[in-house]
Each structure stands twice: as C-alpha cells, then as structure tokens.
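Student: Below is the structure I would like to discuss, written out as structure tokens.
What follows draws every value from the coordinates through simple rules; no lab data is involved. Keep in mind it's a predicted model, so treat the numbers as computed, not measured. All Cβ positions, glycine included, derive from the backbone under ideal geometry; neighbour counts span all protein chains shown.
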Amino acid sequence: MSTQAPPEDRWDVQRRFIRIVQEHDNGMVEFEFAVGEPELFVEMLMPRAQFEDFCATQAVTPTHGRLPEAAAGSDAHEWDWSLRDARERHFRHEP
C-alpha cells in the first residue's frame, strides 16, 4: 500500500468553483459552476436565496467575471464559448 500523496494534476472532486456571470434585476443570479476543473463548467440560474444555499452546500466562495478567453485561432478558442454567448450572438435577431 502506497502512502505517497496523489499528484497535483489529479482530478479533485473536492475543488469547487463558482463564477457569477450576472446578477439580474429580478433577483436571479446567473453563474458558472465547476467541479475539479474551472474550465469545465455548467451554466446555472437561480434566485438569490437558493444560490446562497447552493454555495454553502458546495462549500465555495463565488467570484465574479468569466475565465479569460483563449487566443484567437487556437484549438482552444474553437471551444471557448458558452450557451450565453451562443444565445446572445447567434439566436437573437434583434437590430
């Protein structure tokens, strides 16, 4: 049986991340939630009270702002988008 610590780059499900994307006037909080890797997240929307409960349950401290974008033209840039981006850029046909 090995007593060595796991490598630093190992997937750690205890690491939890929340980034607040937008706090809406109607009390809803739009945010990104990630487990293990901050770059792999789900987009969520909750009323403020439920959001605060969620943060407490997940033992995270919310941060504001999005992850930095990948360099244009890179392979990573091809995957550097969210549903929010798609909705705002591609699905709205507003002038």
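Student: Got a sec? How would VAL29, VAL60 order by Cβ neighbour count within 10 Å, fewest to most?
Tutor: Numbers: VAL29 22, VAL60 17.
With the fewest neighbours first, VAL29, VAL60 line up as VAL60, VAL29.
Student: Mind sorting THR63, THR57 by how few other Cβ atoms lie within 10 Å of their own Cβ, fewest first?
Tutor: Ascending number of Cβ neighbours within 10 Å: THR57, THR63.
Student: Starting from the amide H of VAL60, placed 1.01 Å from N in the peptide plane, find each other amide H under 5 Å away whose residue is 5 or more places distant or on another chain.
Tutor: Under 5 Å from the amide H of VAL60: no residue qualifies.
Student: Here's something else I'd like to know. Which far-off residues, 5 or more places away or on another chain, put their amide H under 5 Å from the one on VAL21, with H placed in the peptide plane?
Tutor: GLU30, PHE31, GLU32
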